[in-house]
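Let me begin by presenting the structure, written as structure tokens, before commenting on it.
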Amino acid sequence: YASALFYIPPAIVHAEYFVDNDPGINNGSPIVISPADSINLNLNLALPPLSVGFHKLVVRAKDNTGYWSHYAAQQFYQCGTSANITASGSTDICPGTSVSLTAQVTTLEPNPVFTYAWTPATGLNVSNALVVVATPPVTTMYTFTVTNTLNGCSATDTITVFVDDVTAPVADIATLPT
């Protein structure tokens, strides 16, 4: 009878990642995996605080025989922009009245070129500025988005303008006591 030689590939049993600087094999941050012949990762990682700019995310794996893989690296850009909205007064308004909304943008990015967008545009005097006047017909949540057109980084914040649903009392002269 014939004989055959079969190769059974080792299973991947451990994976780890690091950002920028290699801490050494088996010293990266662990990635929870189930042992398998191959792995396909879609990760949501808790990254350390990073400076604004380009960084490198590196992933490597170890098989059940103790051998480590070559690493896979992906470059990414760490943004450094945030947004915060403040109102000039109360955000509780009566129908037909207004409130001024101011977006404050903080950035650590060098030489940014920003665009601004408020959504929805309903009830706003403009929708592409840092300061807008809101006169919404009903209670409305506004979202402000700032985008650095040079690198695509963006930040958002929201604020709700509450329009009081009050109707003025109507006095009927015919029913007033005399």
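The values are calculated or read from the model by the stated rules, or taken from the named source; none is laboratory data. Please read these numbers as outputs of a predicted model, since none were measured by experiment. Methodologically, a virtual Cβ is constructed for each residue, glycine included, from the backbone with ideal geometry; neighbour enumeration extends over all protein chains shown. When the accessible area is computed, the model is the full protein with side chains, heavy atoms only, and any ligands, DNA or RNA have been set aside. Shrake-Rupley method; radii C 1.70, N 1.55, O 1.52, S 1.80 Å.
In region 27-136, which strands (runs of 3 or more DSSP E) lie fully inside it and hold 2 or more residues that are small (Gly, Ala, Ser)? Before you say what the answer is, go through the steps one by one.
Numbers: elements: 29-31, 53-63, 72-78, 81-87, 99-107, 114-119, 131-134.
Those strands (runs of 3 or more DSSP E) span 53-63, 72-78, 81-87, 99-107.
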Ser38 passes all but one of (1) open to solvent by 60 Å² or more (accessible area, probe 1.4 Å); (2) closer than 30 Å to Asp157 by Cβ; (3) small (Gly, Ala, Ser); which number fails? (2)
Identify, please: which residue in region 88-125 is surrounded by 12 or more Cβ atoms within 10 Å (Cβ to Cβ) and free of Cβ contacts under 8 Å to residues at least 12 places away in the same chain and is, among those, farthest from Thr143 (Cα to Cα)? Asn125
Only one residue in Ile31, Ile12, Ile85 is open to solvent by less than 40 Å² (accessible area, probe 1.4 Å), closer than 30 Å to Tyr142 by Cα and out of contact with any Gly (no Cβ under 9 Å at 6 or more places or on another chain). Which one? Ile85
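Do you know which of the residues in region 47-73 that are of a type in the set (Gly, Ala, Ser) and farther than 30 Å from Asn111 by Cβ is surrounded by the fewest Cβ atoms within 10 Å (Cβ to Cβ)?
Step one: filter region 47-73 for residues of a type in the set (Gly, Ala, Ser), giving 51, 53, 61, 66, 69, 72-73.
Cutting the leftovers down to farther than 30 Å from Asn111 by Cβ gives us 61, 66, 69, 72.
Values: Ala61: 21, Gly66: 9, Ser69: 13, Ala72: 12.
The residue in question is Gly66.
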Out of (1) among the acidic types (Asp, Glu); (2) surrounded by 11 or more Cβ atoms within 10 Å (Cβ to Cβ); (3) more than 30 Å from Thr147 (Cβ to Cβ), the one Asp20 does not meet is (3)
Please verify whether Val105 is touching a Gly at 6+ places or on another chain (Cβ under 9 Å) and aliphatic (A, V, I, L, M), treating the condition exactly as stated. no
List the residue pairs whose Cβ atoms are under 9 Å apart, where the first residue sits in region 40-64 and is of a type in the set (Asp, Glu), the second is open to solvent by less than 80 Å² (accessible area, probe 1.4 Å), and the two are 6 or more positions apart or on different chains. Asp63/Pro9; Asp63/Pro10; Asp63/Ala11; Asp63/Ile12; Asp63/Val13; Asp63/His14; Asp63/Ser69
Residues being aromatic (Phe, Trp, Tyr) and open to solvent by less than 20 Å² (accessible area, probe 1.4 Å): count how many of those fall in region 135-165. 2
